[in-house]
């Protein structure tokens, strides 16, 4: 092989390594820095007016069998799948599909980072806060600023 081909190959290899590191493909991310909130989030304390049937918010990005299906779950077992969702530690938002003319929306933030499933979280310390809104036939019928605790499944 000529020197120019070997030099070009080395230059390409260096470029690919640098691009991977710079693009954040996880080379510099430690498990401590990872954010994975998969699990169930229940209202801390008593449910406010308009949300007495609300059981929790379920996140299950990896579709784990030990966790409930992703969406909003009611006490009667009805599950409202997410229509749109955005999950980061600093901002968590979603809207649900409409079932029987009811839908939900949420805008909030996580109060901690890490991998929730492997953290030693209790059912008294809030890990999520934000505003939950309930709609009926497209009109707001309930809204409350709430704190949520974590449950990681069985």
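The values are calculated or read from the model by the stated rules, or taken from the named source; none is laboratory data. Being a predicted model, the structure only gives us computed values, none of them experimental. Cβ coordinates were reconstructed from backbone atoms using ideal geometry, including for glycine residues, and neighbour counts include every protein chain displayed.
Worth pointing out:
- When residue 101 is tested against the conditions (1) at negative phi; (2) without any contact (Cβ under 8 Å) to a residue 40 or more places away in the chain, the lone failure is (1).
- The set of residues from the stretch 97-115 being part of a strand (DSSP E or B) and farther than 18 Å from residue 146 by Cα comprises 99, 102, 115.
- Hits in the stretch 134-153 - residues which are crowded, with 18+ Cβ neighbours inside 10 Å and either under 16 Å from the mean Cα position of the chain (by Cα) or within 14 Å of residue 43 (Cα to Cα) (or both): 146, 148, 149, 150
- Test: residue in the stretch 57-74 that is assigned to a strand (DSSP E or B), touching a residue at least 60 places away in the same chain (Cβ under 8 Å), surrounded by 15 or more Cβ atoms within 10 Å (Cβ to Cβ) and under 13 Å from the mean Cα position of the chain (by Cα): yes
- Scanning the stretch 100-126 for residues that are surrounded by 14 or more Cβ atoms within 10 Å (Cβ to Cβ) and under 24 Å from residue 49 (Cβ atoms), we see that the one that is farthest from the chain's Cα centre (by Cα) is 102.
- Pairs meeting the criteria (first residue in the stretch 136-150 and assigned by TED's automatic domain parsing to the domain that holds residue 52, second residue surrounded by fewer than 15 Cβ atoms within 10 Å (Cβ to Cβ) and in a strand (DSSP E or B), beta carbons under 8 Å, at least 6 apart or on different chains) are 143/131; 144/131; 145/131; 146/131.
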